[in-house]
1. Which whole-percent values make up P(r) of the stretch A:51-101 when all C-alpha to C-alpha distances are grouped in 10 Å steps starting at zero?
2. Residue farthest toward the positive end of the dipole of chain B, with Cβ of Lys/Arg at +1 and Asp/Glu at -1: which of B:Val231, B:Leu363, B:Ala397?
3. Calculate the dipole size of the stretch A:47-117 relative to its Cα centre from +1 charges on Lys and Arg beta carbons and -1 charges on Asp and Glu beta carbons; express the result in debye to the nearest 20.
4. Considering all alpha-carbon pairs of the stretch B:427-559, what whole percent are spaced by more than 25 angstrom?
5. List the residues whose amide H sits under 5 Å from the amide H of B:Val227, counting only those 5 or more places along or on another chain, with H placed 1.01 Å from N in the peptide plane.
6. What's the exposure ranking of B:Glu50, B:Glu251, going from fewest to most Cβ atoms within 10 Å?
7. Please determine, in degrees from 0 to 90 and to the nearest 10, the orientation of helix B:423-441 with respect to the longest principal axis defined by the Cα atoms of chain B, where the helix direction is its Cα long axis.
8. How crowded by other chains is B:69-80, given as the mean number of beta carbons from other chains within 10 Å of each beta carbon?
Amino acid sequence: MTTNRRVAVTSPQTRLAHARRRHRGRWRPATLDPADAERAVRLYRAQRTRSALALALLFALVFGLPVLLAAFPALDELRLLGIPVSWIAVAVLPFPAMVTLAWWQLRRAERTEDAEGPG
Amino acid sequence: MITAFAVAPVVLVTLLIGLRGVAAMRTTSDFLVASRRVSPLLNSAAVSGEYLSAASFLGVAGLVVKDGIGALWYPVGFTAGYIAMLALVAAPMRRSGALTVPDFAEARLASPALRKLAAVVVLVISGLYLVPQFRTAGLVLSVVGEQPYWVGVVIAGAAVSITLVLGGMRAATYVQAFQFFFKLLLFIVPAVWLLTQVGPQVRTEALHPVEFTHFERDTAVTFRVPVTLEVPPGAALREPDGTIRPLPEGEWQVPGGRTVVFPAGSPAPDLAGEAAPGGPGWERPLLDLAETGYPLLGTLSVLAATMLGTMGLPHVLMRFHTSPDGRAARRTAVLTVALLSVFYLFPWIYGVLGRVLVPHLYLSGATDTAVVALPAQVDTGAWGTFFTGLLTAGAFAAFLATSLGLVLVASGAISHDLVPGGLRQLRVAVVGAAAVVVLLALPAFRFDAGTLVTWGFTVAAATFCPLLVLGIWWRGLTVPGAISGVATGLIASTGAFTLTLLDPPVGGWVAILLAQPALWAVPLAFAVMTVVSLFGRPPPWAAAAMLRLHLDENRRSLIADRQAVARDLGHSSWSARRSSAVRRITRRLVR
């Protein structure tokens with residue numbers, strides 16, 4: 001009799017999918033391992049400082065440039081290769097500046113994580 | 001004819017690439033985030049491909065024709081958003097392990113109510129964003145190929161839903177990454193060709209803008225919606241039999257659906273309530289929204305909306321979840337900034353050439369089609385047709401790539417967050433969402449792509465931006481605070497748009513703050529979220545839930561670690577001790 005028992009055969013992926021669906025519902029965010037908590041706090045603080053600086057520079061660039069262009073209408077008359085300087089300041093200049101800023105912020109963020117060492 | 005040659009290959013390639021994703025699709029995670037196995041370069045190309053929508057490919061150049069050089073602040077805001085995302089959101093968001101933004105809200109704050117509210121916000125944003133995509137698809141096909149408006153809308157809806165139903169996010173990733181490079185090529189090559197073809201006189205005129213006052217050649221203008229024109233003395237129109245009939249001076253109500261041919265040399269009528277392209281202030285690099293006379297305020301509010309909105313766009317955030325880890329998510333953001341920057345160096349070329357060659361488009365409100373209308377103005381022969389075809393194909397790729405991501409995120413919100421279900425339900429939701437958007441897009445053809453998309457950005461900026469920034473960087477955020485902040489932002493931004501549509505009798509800076517409310521709605525949402533949270537107490541696990549987002553994956557594996565230290569795994573007191581230890585440490589350290 002025991003040999004006739006039926007067993008459901010499912011692939012690991014299917015089982016995972018079913019489990020995930022059943023897990024839905026009320027839950028509490030997972031807690032931290034105590035060994036990781038201090039490291040997480042150090043990372044959080046370091047990244048907060050660095051992000052704030054990068055964000056301040058970004059705001060200065062993006063919101064400062066229109067204010068600058070509004071304050072100096074003479075830039076419309078000034079021409080570089082026949083193109084008004086104020087047009088270049090909107091259409092071309094911000095993009096290399098933003099790529100540089102993004103690259104700089106990425107390097108600082110990754111260095112912070114590397115400096116903390118692997119655990 | 002031209003439609004078949006330009007659009008059919010794009011739709012076909014989209015479907016074919018989409019089929020590649022079919023093989024490995026079993027779970028919701030496969031469907032929504034491609035099982036998180038996408039490399040930064042592929043992912044950033046997909047993010048950029050998804051992001052360069054109708055508003056970027058056609059809308060920016062169209063806005064330059066209509067509103068002037070100041071419209072070029074839109075791409076600056078679009079790109080700057082990714083730096084804010086890189087600094088504040090990308091890595092922690094990925095480390096939350098969530099699948100969608102509502103998922104993240106629940107992972108951080110454990111509130112099903114907040115999750116439902118976030119899902120509703122996702123639907124509002126994707127609706128505001130999707131309708132203009134489909135609408136522009138219909139408009140472009142009707143301009144280029146003389147098809148009725150609804151044909152383009154239905155083609156777009158069908159192609160998007162079939163690709164997604166079959167392949168999900170994996171299919172979308174390949175399609176969008178391919179379409180980014182495709183669009184880049186189809187945008188740069190015609191731009192260079194146009195610049196070499198137009199000749200020195202047009203190039204000089206483009207750099208020294210003058211007001212559009214008279215027609216340089218016989219010009220046919222098709223009015224799709226009824227408009228009111230101010231006819232100056234001396235204006236005339238050409239009858240179908242070739243005779244020239246003078247127009248009576250004064251107001252002229254043009255009914256919708258009429259094509260009027262203005263003869264060469266006739267003075268151009270003015271559109272009531274709009275300044276003509278090239279008029280005073282057109283060449284100023286500031287955006288005078290609705291001609292209210294506060295260009296700096298208008299520019300700053302558009303920048304705030306686009307920059308902060310990018311950070312909260314649900315379909316972009318979902319793309320970040322396809323990265324394998326937080327570090328890859330960050331790199332994706334940086335590469336995206338670079339790829340977008342290359343693309344955004346070109347819209348102004350189309351804009352200033354459009355000012356010289358197709359300024360009459362502003363009369364009928366069809367400036368969105370300036371990009372595809374340009375080649376025919378420069379070369380009436382085969383090359384002109386060829387480049388029109390290229391640009392139409394690129395524009396169609398733009399609608400498809402963006403719509404793929406948006407329909408996916410909308411159906412995810414319905415089927416993963418509002419009414420949780422499995423893969424089959426997700427697929428049904430995709431078809432349903434696409435059908436609803438097609439129905440919404442059919443009567444929406446009078447709205448500018450730029451306007452509606454910017455409204456979508458504003459809603460995202462006023463709801464998800466504060467939720468993400470405070471959720472990731474402030475442990476004091478409480479569930480009532482988050483819910484009231486998101487609700488405030490949603491009501492404030494959508495309320496302002498509704499008021500704008502009713503056209504209230506206000507002017508000056510009030511009109512700008514109503515039409516573009518980001519500048520006050522975002523700080524308001526932040527303030528409400530903070531103040532309400534300060535009145536409550538965050539749950540004891542809040543600090544640990546926040547810190548978990550900042551812990552990098554670059555550490556020893558958790559399981560190996562536990563075995564090595566041989567802590568009392570399985571001991572009944574372990575879990576209690578662990579959580580109290582975390583609480584003690586975090587209480588001491590996070591201040």
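1. Whole-percent P(r) values from 0 Å outward: 24, 48, 23, 5.
2. Value: B:Ala397.
3. Working: 6 positive and 6 negative charges, 16 e Å.
Approximately 80 debye in magnitude.
4. Numbers: 4072 of 8778 pairs.
More than 25 Å apart: 46 percent of the Cα pairs in the stretch B:427-559.
5. Those lying under 5 Å, H to H, from B:Val227 are B:Val254.
6. In order of increasing Cβ crowding within 10 Å: B:Glu251, B:Glu50.
7. So the helix axis and the longest Cα principal axis differ by about 30 degrees.
8. Mean number of neighbouring Cβ atoms from other chains: 5.
Read the figures in this text as sums done on the coordinates, not as results from a lab. Model, not experiment: these values are computed from the prediction. All Cβ positions, even for glycine, are placed from backbone atoms using ideal geometry, and neighbour counts span all protein chains on display.
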